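Accompanying notes for the structure given below.
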Amino acid sequence: MFIRPYQPTDAEAIAAIYQDSVLGIGATAYNAEQIAVWSAYPDDIEEFRRSLQQGLTLVAVSEGQLLAFGQLNPLNHIAFLYTASQAARQGYATKIYLKLETYAIQRGVEHLHTEASRISKFFFSKMGYHITETEVVTRKGVELERFKMVKILSP
């Protein structure tokens, strides 16, 4: 496995990882209607491609296949961190996360924050985050529970 920066030609593979992750992993904590709305996010591939070009987006590659991605945007915010369902719990998200955190620390960021799903809140807790707020967001008329989380970084 190696981690490299996002390239615009990765967008379709990343969209597939995103959807696979939501459908395969997210379905254990959200209902079918919530999963349908959540997994539809990258349907506009050009908008998704533009989103991935912001901040720092990293991808994990193994044997030529993209298996995970993460994004720091802006410098103090983990905007995305997703792993394909067949690669879950194999360290891909951890390796990407640690590179994003190191990048932020090197640029003087004092804390990181994210909005975690019911699934990813456990990962972020293991990484040293704590929940500051539980919130419900509405997407296309469907409510989704998520957790605002923060981590104070050591210099």
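The values are calculated or read from the model by the stated rules, or taken from the named source; none is laboratory data. Here the structure is a predicted model, which is why all the values come from computation and not from measurement. Backbone-built Cβ (ideal geometry, glycine too); neighbour counts: all protein chains shown. With ligands, DNA and RNA removed, areas are computed over all heavy atoms of the protein, side chains included. Shrake-Rupley method; radii C 1.70, N 1.55, O 1.52, S 1.80 Å.
Listed by first and then second residue, the pairs with beta-carbon distance under 7 Å, at least 6 apart or on different chains, first residue in the range 1-12 and of a type in the set (F, W, Y), second open to solvent by 90 Å² or more (accessible area, probe 1.4 Å), form an empty list.
Looking only at residues in the range 135-144 that are in a strand (DSSP E or B) and touching a residue at least 60 places away in the same chain (Cβ under 8 Å), the one that is surrounded by the most Cβ atoms within 10 Å (Cβ to Cβ) is L144.
Summed over the range 3-35, the residues that are part of a helix (DSSP H, G or I), open to solvent by 60 Å² or more (accessible area, probe 1.4 Å) and modelled with pLDDT under 90 give a count of 4.
Condition check: out of contact with any Ser or Thr (no Cβ under 7 Å at 6 or more places or on another chain), closer than 21 Å to L23 by Cβ, in contact (Cβ under 8 Å) with a residue 24 or more places away in the chain and open to solvent by 20 Å² or more (accessible area, probe 1.4 Å). Does E110 satisfy that? No; evaluated as a whole, the condition is false for this residue. Restricting the first member to the range 87-98 and to residues that are touching a residue at least 60 places away in the same chain (Cβ under 8 Å) and farther than 19 Å from Q19 by Cα, and the second to residues that are outside any helix (DSSP H, G or I) and open to solvent by 20 Å² or more (accessible area, probe 1.4 Å), the beta-carbon pairs closer than 6 Å and six or more apart or on different chains are K95/I3. Residue count for the range 113-134 under the criterion of being crowded, with 18+ Cβ neighbours inside 10 Å and free of Cβ contacts under 8 Å to residues at least 24 places away in the same chain: the result is 1.
Picking from residues in the range 40-56 that are open to solvent by less than 50 Å² (accessible area, probe 1.4 Å) and farther than 14 Å from F80 by Cβ, the one that is modelled with the highest pLDDT is I45.
Just need a number here: residues in the range 57-72 that are surrounded by 13 or more Cβ atoms within 10 Å (Cβ to Cβ) and more than 12 Å from the chain's Cα centre (by Cα). Please lay out each step first, then the result.
Quick first cut of the range 57-72, residues surrounded by 13 or more Cβ atoms within 10 Å (Cβ to Cβ) only: 57-62, 66-72.
Next, only the ones that are more than 12 Å from the chain's Cα centre (by Cα) stay: 60-62, 66-67.
Looking only at that region, the number is 5.
Pairs are defined by a Cβ separation below 7 Å, a sequence spacing of at least 6 or placement on different chains, a first member in the range 39-56 that is in contact (Cβ under 8 Å) with a residue 24 or more places away in the chain, and a second member that is open to solvent by 90 Å² or more (accessible area, probe 1.4 Å) and of a type outside the set (V, I, T); the pairs so defined are I45/E12.
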